[in-house]
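Shown next, in structure tokens, is the structure this report addresses.
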């Protein structure tokens, strides 16, 4: 059954069919999700709200399940490779060696897939050649058993195994739980599509990996036919004694590289999840400017490292971990089959019958593998399931929180638009949300305007950040020049200076700026990319708009950079909803001013948001839990200051309360 699992699940389903579904070269469940949603919009057949939610949830669940499997794959691979050490060493010593190997795996991730691939390529060629040679050796050593094993490749033998064999029926079904171990890397293979490409993966699978694995498994089977005592460790029991050390060393290297494939696949899926706004802001480093899919995510790398080390120390052996292996990855098999059906119908435009003829056999095999592994939950299979459920809950909560925020903004936008449409009804500056509303509020405002410029970060170019109204309430004044800055990342590695910025001059000293960056352009503090782009833009327009002159020096290093925080204040909108008085906000502003906040220069103003439930609404305990979790996720995400490389600059951080 291992031969047919490799042939059907990996070769036919994933390499031949599933990998033909990519989104800008990326693979994984989110690639299928993106294709479904985008193609429906292009064809003029909008996806319904229910279907959009279902497809997005499947993509989210696929990532969570693969992450749960990713906590198991590296430990079980490394511990399994160490089983071949031809010395009597204790289990604790094996665990210690495995911990060192795993730490090395995660330490080299920052070098990128391209660097690791240059080392891994030759090693894996040697590894697969070695296991193929070992398989051939065992077949020649046991010619009678070899004939029996070769006969087992006949499809009729597969039918006999299920219907007439010694382990027929339920026993044959239960054996699928062990067969899954041979195909667990299939989903990670698809997730790695953005790192390596479909062509190289297909060529490597059919030209090297598949034939070598088949020969190796046949050799193991022949060896077991003669010596059944090696069933607990069939690979190393089939290795000649004089070759144990070389094969063990090679096996450790192969385990490291197999772990790398899983880790890099998770990085790709996390980067896509961030594009879907299903995870908080994280740092995604592109390790190869020519390949958008080759990414490194520091936060995910070390979180996965801690999880893998905990699994290694907790379970101590590959046999113990084997019980936890398979349930999550077979669940991803089912999810990919469901999404593949949807792609066939909505993206490729297949008719019902051809789509059924292709996907039903695939789904039946996936369901059989999954059902056999469900039995592992009572053993140790619950561990990756719990991890996956927790991750899925976190992503779903983050998506829910963002949806609540957007609905609040939509209501605020609607209220402000209707207020602007009424003649002689200016919008209050404290609650302004849109650019037209800001211009109307400034035209009717009596606030003092202090010197030079302030740059307010906003996630949307059409939206006025709440920090502006909060600042007006805190200090009782506003800068003379107000720059509303948003940053957009494009699907190209680099953006030329000529196309870096979009500039719009509004009235009352307000300017809207959108900066565009490629995916391979780092925005860390050392590059000062945001400052250089703003300074260049200011020099281009300062003759026509003198208020921008103070921005022209942003690309120069400050002698004494400082970052200032205005403490915890309540945003104007939030304070109105919570019943806070203007007098309290004024006191907060005087306190901030006394602490040294200086707005008489080029200053970046960013927000630090604190989330809470609406005080005048009825909330059950479940909503309060979700708000608390959402608050935790946003608070611990990478701040906009670090994300945009604004550390060390004269930056004002204003804390605001936002109700969801």
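The values are calculated or read from the model by the stated rules, or taken from the named source; none is laboratory data. Just so it is clear, the model here is predicted, and its values are computed rather than measured. Reconstructed Cβ throughout: ideal geometry from the backbone, glycine too, with neighbour counts over all protein chains shown.
Scanning region 590-606 turns up one or more residues that are under 30 Å from residue 393 (Cα atoms) and modelled with pLDDT of 85 or more.
Assessment of region 73-88 against the conditions (surrounded by 13 or more Cβ atoms within 10 Å (Cβ to Cβ), in a helix (DSSP H, G or I), assigned by TED's automatic domain parsing to the domain that holds residue 261 and under 19 Å from the mean Cα position of the chain (by Cα)) yields at least one matching residue. Residues to consider are 516, 460, 511; find the one that is surrounded by fewer than 15 Cβ atoms within 10 Å (Cβ to Cβ), in contact (Cβ under 8 Å) with a residue 24 or more places away in the chain and either in the same structural domain as residue 655 (by TED's automatic domain parsing) or in a strand (DSSP E or B) (or both). Sole residue among the options that is surrounded by fewer than 15 Cβ atoms within 10 Å (Cβ to Cβ), in contact (Cβ under 8 Å) with a residue 24 or more places away in the chain and either in the same structural domain as residue 655 (by TED's automatic domain parsing) or in a strand (DSSP E or B) (or both): 460.
Residue 224 meets the stated requirement of being in the same structural domain as residue 79 (by TED's automatic domain parsing) and more than 19 Å from residue 76 (Cα to Cα). Of the residues 332, 287, only one is modelled with pLDDT of 90 or more and in the same structural domain as residue 37 (by TED's automatic domain parsing); which? Every option except 332 fails the conditions.
Report whether or not residue 583 is part of a helix (DSSP H, G or I) and modelled with pLDDT under 50. In short, yes. Consider residue 303 carefully, then state whether it is surrounded by 18 or more Cβ atoms within 10 Å (Cβ to Cβ), within 27 Å of the chain's Cα centre (by Cα) and assigned by TED's automatic domain parsing to the domain that holds residue 267. Against the criterion (surrounded by 18 or more Cβ atoms within 10 Å (Cβ to Cβ), within 27 Å of the chain's Cα centre (by Cα) and assigned by TED's automatic domain parsing to the domain that holds residue 267), residue 303 does not qualify. If you check 126, 105, which single one turns out to be in a helix (DSSP H, G or I) and in contact with a helix residue (DSSP H, G or I) (Cβ under 6 Å, 6 or more places away or on another chain)? The conditions single out 105. Candidates are the residues of region 421-457 that are outside any helix (DSSP H, G or I) and closer than 19 Å to residue 406 by Cα; the one that is modelled with the highest pLDDT is 457. The residue that is farthest from residue 376 (Cα to Cα), among those in region 156-171 that are without any contact (Cβ under 8 Å) to a residue 40 or more places away in the chain and part of a helix (DSSP H, G or I), is 156. Regarding residue 177, is this residue over 29 Å from residue 23 (Cα atoms), surrounded by fewer than 16 Cβ atoms within 10 Å (Cβ to Cβ) and either in the same structural domain as residue 15 (by TED's automatic domain parsing) or in contact with a strand residue (DSSP E or B) (Cβ under 9 Å, 6 or more places away or on another chain) (or both)? Criteria not met by residue 177. Test residue 145 against the criterion of being farther than 20 Å from residue 239 by Cα and either modelled with pLDDT under 90 or not in a helix (DSSP H, G or I) (or both), and give yes or no. Answer is no for this residue. Across region 131-144, the number of residues qualifying as within 13 Å of residue 217 (Cα to Cα) and in contact (Cβ under 8 Å) with a residue 24 or more places away in the chain comes to 8. Of all residues in region 233-244, those satisfying the criterion of being under 38 Å from the mean Cα position of the chain (by Cα) and touching a residue at least 40 places away in the same chain (Cβ under 8 Å) are 233, 235, 236. I need a count of the residues in region 488-517 that are within 30 Å of residue 286 (Cα to Cα) and at pLDDT 90 or above. The total comes to 9. Check region 92-108 and report whether any residue there is in contact (Cβ under 8 Å) with a residue 24 or more places away in the chain, assigned by TED's automatic domain parsing to the domain that holds residue 303 and over 24 Å from residue 305 (Cβ atoms). Within region 92-108, none of the residues are in contact (Cβ under 8 Å) with a residue 24 or more places away in the chain, assigned by TED's automatic domain parsing to the domain that holds residue 303 and over 24 Å from residue 305 (Cβ atoms).
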